[in-house]
1. Going by the structure shown, is A:Gly203 modelled with pLDDT of 95 or more, more than 9 Å from chain B (Cβ to nearest Cβ) and either touching a Lys or Arg at 6+ places or on another chain (Cβ under 7 Å) or more than 30 Å from B:Ile388 (Cα to Cα) (or both)?
2. Residues that are surrounded by 24 or more Cβ atoms within 10 Å (Cβ to Cβ), of a type outside the set (Lys, Arg) and within 25 Å of A:Arg274 (Cα to Cα): does region A:324-337 have at least one?
3. So, in region B:199-210, of the ones that are of a type in the set (Ser, Thr, Tyr) and touching a residue at least 24 places away in the same chain (Cβ under 8 Å), which residue ends up most open to solvent (accessible area, probe 1.4 Å)?
4. In region A:315-333, which residues are over 14 Å from A:Pro345 (Cα atoms) and either aliphatic (A, V, I, L, M) or assigned to a helix (DSSP H, G or I) (or both)?
5. Please determine whether any residue of region B:131-153 is among the hydrophobic types (A, V, I, L, M, F, W, C), open to solvent by 10 Å² or more (accessible area, probe 1.4 Å), at the interface with chain A (Cβ under 7 Å from one of its Cβ atoms) and under 26 Å from the mean Cα position of the chain (by Cα).
6. If you take the residues of region B:52-78 that are open to solvent by less than 10 Å² (accessible area, probe 1.4 Å) and at pLDDT 90 or above, which of them is farthest from the other protein chains (Cβ to nearest Cβ)?
7. Among the candidates A:Val102, A:Val84, which residue alone is in contact (Cβ under 8 Å) with a residue 12 or more places away in the chain and farther than 19 Å from A:Ala355 by Cα?
8. Answer yes or no as to whether B:Gln343 is open to solvent by less than 10 Å² (accessible area, probe 1.4 Å) and either of a type in the set (S, T, N, Q) or free of Cβ contacts under 8 Å to residues at least 60 places away in the same chain (or both).
There are 2 protein chains.
Amino acid sequence: MASVLRTSAHIRAAVRTKRSFSTYHALRASTAASASSKAPTERAYFTNEPSGPSIKTAIPGPKSQQKIAELNQVFDTRALNMLVDYSSSVGNYYAQIASIPVGYNNPNLLEATKSPEMASALINRPALGNFPGQDWAHILESGLLRVAPKGMNQVFTSTTGSDANETAYKAAFMYHAQQKRGGPEVEFTKDEISSTMSNQSPGSPNYSIMSFESAFHGRLFGSLSTTRSKPIHKLDIPAFDWPKAPFPSLKYPLEDFASENAQEEQRCLQEAERIIKEFHNPVTAVVVEPVQSEGGDNHASPAFFQGLREITKRHNVLLIVDEVQTGLGATGKFWAHDHWNLQTPPDIVTFSKKAQAAGYYYGNPALRPNKPYRQFNTWMGDPARALIFRAILQEIERLNLVENTAATGDYLFSGLERLAKQYPGQFQNLRGKGQGTFIAWDSPQRDAILKKGKQVGINIGGCGETAVRLRPMLIFQQHHADILLENLEKIVKS
Amino acid sequence: MASVLRTSAHIRAAVRTKRSFSTYHALRASTAASASSKAPTERAYFTNEPSGPSIKTAIPGPKSQQKIAELNQVFDTRALNMLVDYSSSVGNYYAQIASIPVGYNNPNLLEATKSPEMASALINRPALGNFPGQDWAHILESGLLRVAPKGMNQVFTSTTGSDANETAYKAAFMYHAQQKRGGPEVEFTKDEISSTMSNQSPGSPNYSIMSFESAFHGRLFGSLSTTRSKPIHKLDIPAFDWPKAPFPSLKYPLEDFASENAQEEQRCLQEAERIIKEFHNPVTAVVVEPVQSEGGDNHASPAFFQGLREITKRHNVLLIVDEVQTGLGATGKFWAHDHWNLQTPPDIVTFSKKAQAAGYYYGNPALRPNKPYRQFNTWMGDPARALIFRAILQEIERLNLVENTAATGDYLFSGLERLAKQYPGQFQNLRGKGQGTFIAWDSPQRDAILKKGKQVGINIGGCGETAVRLRPMLIFQQHHADILLENLEKIVKS
């Protein structure tokens with residue numbers, strides 16, 4: 001079992017102190033003196049990858065403590081997990097908040113930072129709506145748009161997931177109002193123009209976005225009104241009177257509860273449709289995560305999402321799929337909604353996190369508002385981040401990382417099934433089968449397990465009330481899964 | 001008068017085609033064959049600066065048209081002003097949307113892009129709330145915090161002006177609720193916790209932010225609810241029922257209307273106080289721009305802002321100063337509110353645009369919410385942009401650019417006063433005296449003037465209904481002001 005400390009471990013962080021005299025935490029595993037007892041069966045992506053994590057001090061170490069105290073004078077550090085020495089971090093599987101895809105100090109990303117176009121993007125940052133660079137179409141076409149979801153060929157770029165979702169909501173509201181008005185040529189009324197300046201209807205209508213219980217879509221005012229994961233995110237902040245539908249609560253293992261789960265999904269779809277038909281503030285769009293992440297890693301079947309697409313189509317309500325956390329391969333397909341086999345694509349798909357850039361894709365040209373400056377802001381994203389996105393895509397393709405994640409995820413899931421059989425109380429509701437490494441389970445000692453993991457150099461996160469969730473990078477391989485499994489067993493045994 | 005074409009012109013853009021065979025627009029003036037008839041009296045900041053603008057094709061030229069059509073397939077281009085070749089742009093005074101401070105391809109900014117810490121910030125982007133780099137305190141202290149407004153020593157970093165304002169509003173709401181609740185130790189009630197999950201009060205209270213008529217504070221849902229500049233920004237988007245107060249409508253020249261203007265400001269303050277006392281959704285904060293920018297370059301006197309500070313203090317309402325457009329020296333002081341000589345500082349100051357990074361400053365430690373994860377998001381800004389901010393500050397200091405802007409602004413204002421005497425119909429309500437280059441006037445032919453300017457290589461913007469507004473970079477010098485003045489006279493004469 002000691003071997004778990006020798007090979008580069010899982011998942012959220014292999015932690016070690018930078019040098020013997022320093023205690024900032026570098027996100028790399030150490031090159032332990034002893035060789036691993038289990039030789040990797042596949043080629044490691046990073047040859048300079050240490051063979052395992054080693055912990056030199058408690059976390060935070062004395063130097064970190066001092067630095068954190070200093071930082072806390074000027075910047076709130078109460079959510080701080082660890083202070084990191086990124087310059088000494090390499091490869092590794094800790095992905096921040098599911099937001100790092102291809103390893104720390106990835107050499108090909110480093111190369112992309114050295115290009116003249118990156119320098120220009122950094123120092124000549126354009127207001128992309130007014131003054132795009134002459135290479136902006138090329139940057140989009142060779143990057144973001146190359147992976148546009150099926151049925152989508154246009155993009156609105158933004159800066160964060162919240163921003164992506166909120167601009168998508170704005171697009172939905174303008175589209176709905178335009179339809180109601182009778183088309184893009186119909187002018188605003190005098191009453192609309194004057195009332196909107198006082199934030200009143202009809203100019204500022206009481207339209208709504210429907211989201212689901214336990215959903216997370218961001219923390220600004222519109223996105224927070226669709227977020228339903230935890231009270232602490234929402235308390236004391238004014239919210240729009242928008243509706244929420246129940247999200248299916250499935251029982252595991254799925255194969256043992258097939259008809260019960262199908263009924264549960266049907267119940268949720270019926271309730272969703274009822275709300276769309278009856279809610280007092282007209283529902284213009286439904287926003288949904290392919291896997292509710294912050295809310296507890298709640299999954300639903302392709303049939304559920306197909307049903308949701310059918311209902312939204314029938315009621316002329318837009319379907320916005322929030323792929324901020326699920327996008328870019330983590331579920332074993334590039335977009336998680338690729339798992340659904342929809343007959344007609346979603347209307348809008350939002351992205352951020354692993355993309356490093358953010359925004360929303362769409363296909364229907366009528367989702368461009370009928371006049372300029374309606375969907376607009378000063379920067380409309382950041383071309384420096386769009387260039388990083390492109391480099392990430394090249395790395396994903398070069399290493400077949402979506403396929404890797406699908407295969408590693410299957411391998412890891414099998415191992416977790418074994419553990420769940422052996423320690424059923426510790427691995428409840430194991431979920432995410434066939435969903436790449438987007439795997440979670442519930443544990444009554446969740447917080448204790450996360451804490452112990454960190455002590456042995458494995459940084460895992462939680463979500464919802466009791467879920468342990470895995471969010472490794474796309475470079476997570478089978479030999480890392482072995483280490484994780486061995487470590488997990490050690491932890492639950494203790 | 002031909003000399004205006006020989007020296008590097010004003011303001012928003014000196015435009016020329018890149019090479020004889022290319023028609024992308026590079027933001028630099030040409031090195032015209034003929035020498036300037038008017039030698040610059042001060043040292044030019046950029047020795048490779050061309051001596052004046054030259055226009056080779058109409059804008060957009062044929063190549064640009066083709067590129068724009070291509071871009072339009074995937075990205076809305078209807079707000080596009082011009083397509084730019086940034087790689088060939090140098091120095092220049094066109095500042096995008098008041099968002100470029102120290103020149104295109106500024107060599108010292110370029111240097112900053114080459115540092116290992118910039119590369120790390122780009123490829124190892126941290127979730128700053130959870131996993132800041134060990135150098136994050138240093139980056140803040142040597143950059144953003146070095147120019148923190150008087151009375152402020154803490155920062156919350158974000159990505160855009162809208163984001164900065166909205167997180168500031170959230171801080172204000174949490175602070176207000178905490179005070180009402182009886183302090184940071186008082187726990188949330190059961191009722192608050194359950195109601196907020198349905199977006200209802202008391203957990204999601206009907207608190208409000210008061211803004212001013214014609215204000216612009218951003219375009220996301222919370223910020224847009226405080227934006228009151230133009231209907232096109234707001235139509236069809238749901239808004240919070242928040243109040244607006246009248247902003248003073250001053251008469252110019254100020255010295256001729258001193259008592260009338262003082263009365264007008266008094267009227268607005270009285271109405272602001274009445275709303276704070278009476279509005280049905282309790283006002284927790286007032287947000288105000290030092291100069292209403294998008295709304296028409298509307299100024300008010302220091303006495304007005306002193307009065308606003310006094311009223312907000314007296315009613316225990318926070319004062320948020322939105323320096324997104326005015327910050328970083330454009331008004332001849334680093335922060336525009338430095339002109340006000342307040343006895344107690346604002347509670348929160350927001351920044352973005354010229355800073356390239358965004359966020360809000362504060363001083364009162366109680367503005368940190370009482371628990372972690374209440375003011376939080378995945379990235380909480382971008383350290384790459386914080387590093388650019390630091391390089392910009394170094395450049396501002398090296399070249400004394402705040403002082404330059406104050407002096408150039410005074411010089412330019414005098415010249416405009418001369419023009420206004422000569423062409424009173426074309427230069428109405430000239431304003432911004434003593435406010436650096438933050439200068440504007442009204443013109444009945446505003447749009448025609450902006451169009452003509454562009455044709456001679458001078459890119460100026462408008463704001464409000466009829467205002468021509470100047471927003472040069474901080475590197476705008478007296479010899480550029482000469483060129484601008486000559487060109488403006490030529491335009492209004494024609």
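1. On the way: modelled with pLDDT of 95 or more: yes; more than 9 Å from chain B (Cβ to nearest Cβ): no; either touching a Lys or Arg at 6+ places or on another chain (Cβ under 7 Å) or more than 30 Å from B:Ile388 (Cα to Cα) (or both): yes.
The answer is no for A:Gly203.
2. Yes.
3. Residues of region B:199-210 that are of a type in the set (Ser, Thr, Tyr), as a first pass: B:201, B:204, B:207-208.
Retained after the next criterion (residues that are touching a residue at least 24 places away in the same chain (Cβ under 8 Å)): B:207-208.
Working: B:Tyr207: 20, B:Ser208: 0 Å².
Taking the candidates together, the pick is B:Tyr207.
4. The answer is A:Val324, A:Leu328, A:Ala330.
5. As a first pass, look at region B:131-153 and keep what is among the hydrophobic types (A, V, I, L, M, F, W, C): B:131, B:136-137, B:139-140, B:144-145, B:147-148, B:152.
After this cut, where a residue has to be open to solvent by 10 Å² or more (accessible area, probe 1.4 Å) as well, the list is B:145, B:147-148, B:152.
From what's left, at the interface with chain A (Cβ under 7 Å from one of its Cβ atoms): B:145.
Restricting the remaining residues to those that are under 26 Å from the mean Cα position of the chain (by Cα) gives B:145.
Looking through region B:131-153, at least one residue is among the hydrophobic types (A, V, I, L, M, F, W, C), open to solvent by 10 Å² or more (accessible area, probe 1.4 Å), at the interface with chain A (Cβ under 7 Å from one of its Cβ atoms) and under 26 Å from the mean Cα position of the chain (by Cα).
6. So the first thing to find is which residues in region B:52-78 are open to solvent by less than 10 Å² (accessible area, probe 1.4 Å), and the list is B:52-53, B:61, B:64, B:71, B:75.
Now restrict to residues that are at pLDDT 90 or above: B:61, B:64, B:71, B:75.
On the way: B:Gly61: 11, B:Ser64: 7, B:Leu71: 4, B:Phe75: 6 Å.
Among those that are open to solvent by less than 10 Å² (accessible area, probe 1.4 Å) and at pLDDT 90 or above, it is B:Gly61.
7. Details: A:Val102 fails: farther than 19 Å from A:Ala355 by Cα.
Unique residue meeting the criteria: A:Val84.
8. Numbers: open to solvent by less than 10 Å² (accessible area, probe 1.4 Å): no; either of a type in the set (S, T, N, Q) or free of Cβ contacts under 8 Å to residues at least 60 places away in the same chain (or both): yes.
Answer is no for this residue.
The values are calculated or read from the model by the stated rules, or taken from the named source; none is laboratory data. Since this is a predicted model, take the numbers as computed values, not measurements. Quick reminder, even Gly has a Cβ in these numbers, built from the backbone with ideal geometry, and neighbours come from all protein chains shown. Protein only, heavy atoms only, side chains kept; ligands, DNA and RNA dropped before computing areas. Shrake-Rupley method; radii C 1.70, N 1.55, O 1.52, S 1.80 Å.
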